[in-house]
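Written below as structure tokens is the structure these notes are about.
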Amino acid sequence: METQFIELKEIIETSWENRELLKQPETIEAIESVVEYLDKGKIRVAEPSGNSWQVNEWVKKAVILYFPTQKMARITVGPFEFHDKIPLKKDYHNLGVRVVPHGLARHGSFLAPGVIMMPSYVNIGAYVDSGTLVDTWATVGSCAQIGKHVHLSGGVGIGGVLEPVQAAPVIVEDGAFIGSRCILVEGVHVSKEAVLGANVTLTSSSRIIDVTGPEAKEYRGFVPERSVVIPGSYAKEFPSGSYQVPCALIIGQRKESTNRKTSLNDALRENNVAV
């Protein structure tokens, strides 16, 4: 960790334990510096670390502390008016980001060059990497981590997470395709090039069942690389009887032998997945 970040971390951790320090200018400056670094993509709430991901809790704490240190202000965009503590992201031309009206991102979120935002929303602390499409009415929640060349289809809901600070954010890795109206919350992790069909809902406790082999294999909160996933259900016994409850089914894989575009099209066509 760079020296400047070590110093900021110390200030954030100290003020987290003693909220009286939020009145001091140096504390406010440190918090605002962290949010500025988030906005520029120089630090992240969570980042790859070997074969896993590391959550930087102190960065999440800085985001949480940012709210009580900011004052409500009037924000005007042409004829539109907002009233909030956090300004909107701007200067998209120089950032190399395409934003279609009414695409909105908050200051403190990072959008890499090549990102396309249709009328959609990206919250503070989120990280959206290059070449990703955030389609119409999709939402990227606070601190969510979205990889390169991801397609978030229309109406997708990527849940945010601030507290508890040790909770992992939603992670969608490079090349994944998230179908229309999918909902991913509670730190769900979608691995590289996975394909989620329309209306898949995943929480940390959702059963994700691989039914492609002779015996079912189950995951919780994690979708393996190149998996093709659709909504499903299974029978569960209750005192009043047996009922169907939702789950997700892994019904195939994208092929390694083809490039991402061909692999995605093949996966959708061969498995008859709605998007």
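Observations
- Breaking point among (1) acidic (Asp, Glu); (2) farther than 19 Å from Asn123 by Cα; (3) surrounded by 10 or more Cβ atoms within 10 Å (Cβ to Cβ), for Glu20: (3)
- Taking strands (runs of 3 or more DSSP E) as the structural unit, those lying wholly within segment 27-93 and holding at least 3 residues that are under 17 Å from Gln145 (Cα atoms) and not basic (Lys, Arg) correspond to 46-49, 52-55.
- Set side by side, the residues His93, His151, His102 differ, and just one is out of contact with any His (no Cβ under 9 Å at 6 or more places or on another chain), over 22 Å from Cys182 (Cβ atoms) and in the same structural domain as Glu193 (by TED's automatic domain parsing), which is His93.
- Boolean, Tyr66 is among the hydroxyl-bearing types (Ser, Thr, Tyr) and buried (at least 17 other Cβ atoms within 10 Å of the Cβ): yes
- In segment 48-83, the residues that are farther than 12 Å from Leu162 by Cα, within 22 Å of the chain's Cα centre (by Cα) and without any contact (Cβ under 8 Å) to a residue 40 or more places away in the chain: Pro48, Ser49, Gly50, Asn51, Ser52, Gln54
- Looking only at segment 162-189, and only at residues there that are under 10 Å from the mean Cα position of the chain (by Cα) and not in a loop (DSSP other than H, G, I, E, B), the one that is nearest to Ile12 (Cα to Cα): Ile171
The values are calculated or read from the model by the stated rules, or taken from the named source; none is laboratory data. In this text the structure is predicted, and so the values were computed from the model without any measurement. Cβ: placed from backbone, ideal geometry, glycine included. Neighbour counts: every protein chain shown.
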